[in-house]
Amino acid sequence: MKAKKEGFTLIEIAVTLAILVIGATLAIGIMFRSLPRMRIRGDVWDIHQTLLNAKMTAVAEKVNVGVMFVYRGIYGGDRICEEQDCYFIFKDSDGDNRLTDFNGRMFLQCEFIDSSIGCTVANEDIIIGEVKKLHLQNTFNQIFGQIMNQPGHTAWVIFNSLGNAEWYGIYSSPNVLPFNGGEIQVRTRQPVDKSNNKYFVGSVTISRVGGNLSITPAHLQ
């Protein structure tokens, strides 16, 4: 009597492989569709952390500290933000509630780039840490209600030594303004649903008192 052979037939192997291919294709499709939402979520979280760091630095060092938001472009010949929207923390050393920049090159800081190329004009406000960038596929949409869509568009918010968000400024109104709270909105550069012109949008909201921060998760808008 012959022993029964155990193993898989070619048909069973083919069916298994087909199922694996279909499953992998579906997983890749889901992951690809999720990428815009994940990018927005990552950028919004990073902005939230940067604002929190600025607030904590202001309290710890008893000095006004701001966060500057910059729409992509070339500024004073500097190409740091040429391809991507960016933002950074700065110390408001002179207490004028804005980024003090005498030479038109706000990114040229000897502490930030390279001391060998020379410092900016004396008494300019200093960038703290690195200049951060949004993902290439994302952009600042609105900051404190103002649309950001052209090189040269900037906005900033200032935290005081008590941790309150006290002042802000935007490109259309560069004078120092009292801050009553507002939203920093980030969205995908291209519609993710072209038929309905829908974008993924996420935001960080800042309240004046206590400088409290809250996140609105990425959603279609």
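The values are calculated or read from the model by the stated rules, or taken from the named source; none is laboratory data. Here the structure is a predicted model, which means the values were calculated and not measured. Note: accessible area is taken over every heavy atom of the protein model, side chains too, but ligands, DNA and RNA are not part of it. Shrake-Rupley method; radii C 1.70, N 1.55, O 1.52, S 1.80 Å.
Compare Ser214, Ser195 by solvent-accessible area with a 1.4 Å probe and give them largest first, with all protein chains kept in place.
Ranking Ser214, Ser195 by accessible area, largest first, yields Ser195, Ser214.
Can you sort Met38, Met148 by solvent-accessible area, 1.4 Å probe, largest first?
From most exposed to least exposed: Met38, Met148.
Hey, how many Å between the Cα centroid of the stretch 166-201 and the Cα centroid of the stretch 203-219?
Centre-to-centre (Cα) distance: 13 Å.
From the protein chains alone at 1.4 Å, what is the descending order of accessible area for Tyr87, Tyr171, Tyr199, largest first?
Tyr171, Tyr199, Tyr87
Of the cross-linked pairs Lys133/Lys194; Lys132/Lys198; Lys91/Lys132; Lys62/Lys91; Lys91/Lys133, which ones have a Cα-Cα span greater than 21 Å in the structure shown?
Result: Lys133/Lys194; Lys132/Lys198 exceed 21 Å.
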